[in-house]
Amino acid sequence: MSTLVFAIVKVAFLGLLWLFIAVIAGVIRSDISNTRPTDVAVQPNPKRRGGVPRDVGRLVVIAGKGSGDAVPLLGEIIIGRAADATLDLADDFASNRHARLFSDAQGWVIEDIGSTNGTYVNGVRITELTRVDSRDIIRVGRSQLKLEA
Amino acid sequence: MSFGVLRKTPINQRSPTRRNTELVLVLFAAALGIACYLVFYFNRGLELPSVWPVAVGCWVALCLASHLLVRKMLPYADPVLLPCVLLLNGLGLATLNRLNYGAAINPAVLQLIYTAVGVVVFGVLLRLLRDYRVLQRYTYLLFVIGLGLLLMPLLPVIGKESGGSRIWIEVFGRSFQPAELAKIVLTLAFASYLSDHRELLRSAGRRFLGITWPRVRDLGPIAMIWVVSLVVLVFQSDLGTSLLFFGLFVVMLYVATDQVAWPIVGFVGFSGAAFLAYLFVGKVRIRVESWLIPFSDVDQNYQVIEGQFGLAWGGLTGRGIGMGRPTRVPLVDSDFISAAFGEELGMVGLFVIIMVYLLIVMRGLRAALGARDWFGKLLAAGLSFALALQVFAIIGGVTRLLPLTGLTTPFLSQGGSSLLANWLILAILLLISHQGRAPIEERDAEVVVDLADENTVLLPAVRQSVASEVSDEEVG
């Protein structure tokens, strides 16, 4: 076997290895242009429709005292024990003004507004603005809340 | 399917899963491993061994099995991670086969079996851990398991010393390095602890020298575990792994608190400790000498010198597979396998290996960015960084950029514990990337938890009037 054949095999193998890297780079590139932000909530945004929205969702208490209580998902919702809270929870472990739920162009966002026991989304205590949708379970005090379409 | 073409997807269409892309890449990676295996026999002018179709068949089956596991359980996972790992694993198997050609029992066979075990464990973990977030609850249990694993080699009967380090256990004639598994378990524990105490570590405490120093009660538990694990590793004289743990902890603290001062403090502390180790620990002094002045003592630094000659002999494009003499280097199967690649594939080939590691680390950090929870973020960032540091330390050591530390080269080196642990790391990274990339309606929702044992504080009611009204009603 001539040295030339060995050289060709050697270069071909190295070329294929680098081709693998190039293909991966291509996949990553198309991955970037294909990936839509997955954090976008599926909820329609009532504010954008103008007038009375057709299908407003609800914020429902699914566990804890007052289970079954609900408020329509409109504008800004203050969750807490205060009488003027939008969702008035009868929960000894909730602060008076516990959390704020509001919507932006992409969906609903929850924010803890200085509560004592914290606001949890899917069991994780939130420390910043957190996007929520109908798949997430929000815990405030000993109550669990859910968005419903 | 076309690579690199921007597809215009309507907004309500399902997110692409990229599983077919992954399949193509997996087959490509598998083929490169097979090519590496066969070219050796061609270059040497040798007869192919009679078992070659079996070996190739097993390998392809393993590649497809791992792909199918991902396709079935994590449809939205990153499409690049698995093919990269399979390329490394395949090249590692082929090179082990080549390095031990003529041996009665080729370690490559054993490594293929370990790969199969790795794929099985990978699948089991994906099955059991659909939602990795459940692990977040067991912070202290994970700490205890991690430390237990680290201490196992010091146990009298099963512990085993080899090559001056007491880091192995031997059960039923099989040796295992529990530190590899401890690395993962402690990363989980750190991620869980830090994601819970992130905000406190960042803000509660006094400022001094430009850092908000956390309070002892916030940092204390984790710092203690970390110091204990470092002491254990130093006691076992496993310097490479202690370096890895140190770097891992510092980086996770940095990611959690967002304070640049932590890596600086870590680096200064590490430099101080390294200097003291150089002064007082004989083994470290030898390692530094063989790094800076290897030719002063040929007998002592034989391994490093032979590795250097191998890399030099390989040059830019290498000798060709099977045409070099990498077996002159002691421990070329494990610590020095990158020297074998450098000799036979040259710098061009060794750079492919390093690029593939880089891609794995990059996609791991991408998974960390995409994760919606801090536990996942810290976990993916920690595991990716540990992989990067490990590759940097060992390939840096072999190429004499750094003093040599006895670490394995992930997925390439011979050794079951390392291979198994790295497949577990791959599984965790894929789990996190799947959770981050899946559209919301296909994510796993958290189950409703029982609130009875939650750590909550009873708040006094402010609405006294309302409360008294209620009690009046009850009385009335």
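Look at the stretch A:117-123: the mean tally of other chain Cβ atoms within 10 Å of its residues' Cβ atoms is 5.
Short version: what are the Cα gyration tensor semi-axes of the protein assembly as shown, square root of 5 times each eigenvalue, largest first, in whole Å? Could you put the intermediate results ahead of the total?
Values: eigenvalues 528, 182, 78 Å².
Those come to 51, 30, 20 Å.
Overall, the protein assembly as shown carries a charge dipole of about 1440 debye about its Cα centre when +1 sits on the Cβ of Lys and Arg and -1 on the Cβ of Asp and Glu, all other atoms neutral.
All C-alpha to C-alpha distances of segment A:71-114, sorted into 10 Å bins beginning at zero, yield P(r) values of 32, 53, 15, 1 percent in whole numbers.
Each of the peptides B:394-403, B:127-136 was scored by the mean count of other Cβ atoms within 10 Å over its residues; in descending order, highest first, they stand as B:394-403, B:127-136.
Once divided by 2.2 N^0.38 Å, the Cα radius of gyration of segment B:396-442 becomes 1.71. Each peptide in A:128-138, B:370-380 was scored by the mean count of other Cβ atoms within 10 Å over its residues; highest first, the order is B:370-380, A:128-138. Kirkwood analysis of the Cα pair distances in segment B:278-349 returns a hydrodynamic radius of 12.6 Å. Using only the C-alpha atoms, the convex hull of segment B:1-159 corresponds to 170 Å³ per residue.
Anything over 32 Å Cα to Cα? Flag those among A:Lys10/B:Lys160; B:Lys72/B:Lys183; A:Lys65/B:Lys183; A:Lys146/B:Lys183, in the order listed. Going by Cα-Cα distance, A:Lys10/B:Lys160; A:Lys65/B:Lys183; A:Lys146/B:Lys183 fall outside the 32 Å limit.
For segment B:243-393, the alpha carbon positions stretch 50, 39, 21 Å along the principal axes, listed from largest to smallest. Normalising the average separation of contacting C-alpha pairs (under 8 angstrom, six or more residues apart) by the number of residues puts the relative contact order of segment B:299-426 at 23 percent. Evaluated at q = 0.12, 0.13 Å⁻¹, a Debye calculation over the C-alpha positions of chain B (equal weights, vacuum) places log10 I(q)/I(0) at -1.14, -1.32.
The peptide list B:410-416, B:141-147, put in order of mean Cβ contacts within 10 Å with the highest first, becomes B:410-416, B:141-147.
All C-alpha to C-alpha distances of segment A:89-130, sorted into 10 Å bins beginning at zero, yield P(r) values of 28, 54, 17, 1 percent in whole numbers.
Each 5 Å bin, from zero up to the one with the longest distance, holds this percent of the alpha carbon pairs of segment B:81-137: 4, 16, 19, 19, 14, 11, 8, 5, 3, 1, 0.
What average number of partner chain Cβ atoms lie no more than 10 Å from the Cβ of the residues making up B:30-40?
Counting other chains' Cβ atoms within 10 Å and averaging over B:30-40 gives 2.
Treating each Cα of segment B:320-432 as an identical point scatterer and summing with the Debye formula, the log10 of I(q)/I(0) at q = 0.11 Å⁻¹ comes to -0.39. Projecting the Cα atoms of B:Ala427, B:Ser175, B:Thr95 onto the charge dipole of the protein assembly as shown, computed from C-beta unit charges around the Cα centre, puts B:Thr95 farthest toward the positive end.
Per-residue mean of foreign Cβ neighbours for A:4-13 is 5 (Cβ atoms of other chains, 10 Å radius).
Taking the inverse of the mean 1/r over every pair of distinct Cα atoms in segment B:80-208 gives a Kirkwood hydrodynamic radius of 18.0 Å.
When its C-alpha radius of gyration is set against 2.2 N^0.38 Å (N residues), segment A:51-149 gives a value of 0.97. When the accessible area of chain B is split by element with a 1.4 Å probe, what percent falls to carbon and sulfur? Ligands and nucleic acids excluded, carbon and sulfur give 68 percent. Using the Kirkwood radius over Cα pairs, work out the Stokes-Einstein diffusion coefficient for segment B:172-328 at 10 °C and 1.306 mPa s, in µm²/s as a whole number. Rounded to a whole number, D works out at 84 µm²/s.
The values are calculated or read from the model by the stated rules, or taken from the named source; none is laboratory data. What you see is a predicted model; the values in this text were computed from it and never measured. Virtual Cβ from ideal backbone geometry, glycine too; neighbours counted across all protein chains shown. When the accessible area is computed, the model is the full protein with side chains, heavy atoms only, and any ligands, DNA or RNA have been set aside. Shrake-Rupley method; radii C 1.70, N 1.55, O 1.52, S 1.80 Å.
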